[in-house]
Amino acid sequence: MRFPGPGREFQLAVALCVCLSATGCRHKMKAPPAPPLPPPAPVALVPAPESPTHVQPVPLTPLPALPARSQPKVKKRRPPVAAPAPPAPVEMASNTPAAPPPVNVVGALTARGDAEPAVQQKAAASIGDVEKQLAGLPAATLEAQKDGVVRVKNFLRQAHDALKSGDAEGALTLAGKAKVLLDDLLK
């Protein structure tokens, strides 16, 4: 079928318009706005009666008194009771001698600064003697007695520190302990 007028392009445009109108529009339609609300109705006020005739006064009865609320009791914690000290053991006399008190390895050092020059010289000489003995040990003995050698060196280091700080008597004590340990290693 041919329409009178321009050519084929016109016919395609008309066919396209017909197809689009048949499929409908894809846009969402907006709902029409809601009609306006009617104005609020006037409220009729009813006058209150001047004196109520049907209301009779009711006598009020007092409520029963509630007991006074007391504070909750707080339990006081008592301090723990110390157990009584056990009675001292009674010592019995015996013929066996008492055990000697335990020996402290390091010992107590004296107060600083009250050493005489003679004690300082004796401590320095004792430290020197132990160092010479330690240096004269064979390598096999040093290797076999590593723990003992470390203890001797530790006492010597402490003796040097005590001598530097002015504690000559403490240094002499520490050098003596190092000598005893070294003598035990040589046995």
Residue check, Leu37 in contact with a Gly (Cβ under 8 Å, 6 or more places away or on another chain) and either outside any helix (DSSP H, G or I) or modelled with pLDDT of 75 or more (or both): no
Residue check, Lys122 surrounded by 10 or more Cβ atoms within 10 Å (Cβ to Cβ), modelled with pLDDT of 70 or more and not in a loop (DSSP other than H, G, I, E, B): yes
Verdict on Gly107 being loosely packed, with under 13 Cβ neighbours inside 10 Å, at pLDDT below 90 and in contact with a helix residue (DSSP H, G or I) (Cβ under 6 Å, 6 or more places away or on another chain): yes
Number of the exception - Thr96 against (1) among the hydroxyl-bearing types (Ser, Thr, Tyr); (2) modelled with pLDDT under 90; (3) surrounded by 15 or more Cβ atoms within 10 Å (Cβ to Cβ): (3)
Members of segment 125-171 found to be on the phi < 0 side of the Ramachandran plot and either of a type in the set (Asp, Glu) or assigned to a loop (DSSP other than H, G, I, E, B) (or both), listed by number: Asp129, Glu131, Gly136, Leu137, Pro138, Glu143, Gln145, Asp147, Asp161, Ser165, Asp167, Glu169
Residues (surrounded by fewer than 20 Cβ atoms within 10 Å (Cβ to Cβ) and among the acidic types (Asp, Glu)) located in segment 143-168: Glu143, Asp147, Asp161
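The values are calculated or read from the model by the stated rules, or taken from the named source; none is laboratory data. Note that this is a predicted model, so its numbers are computed, not measured. Note that each Cβ is placed from the backbone with ideal geometry, even for glycine, and that neighbours are counted across all protein chains shown.
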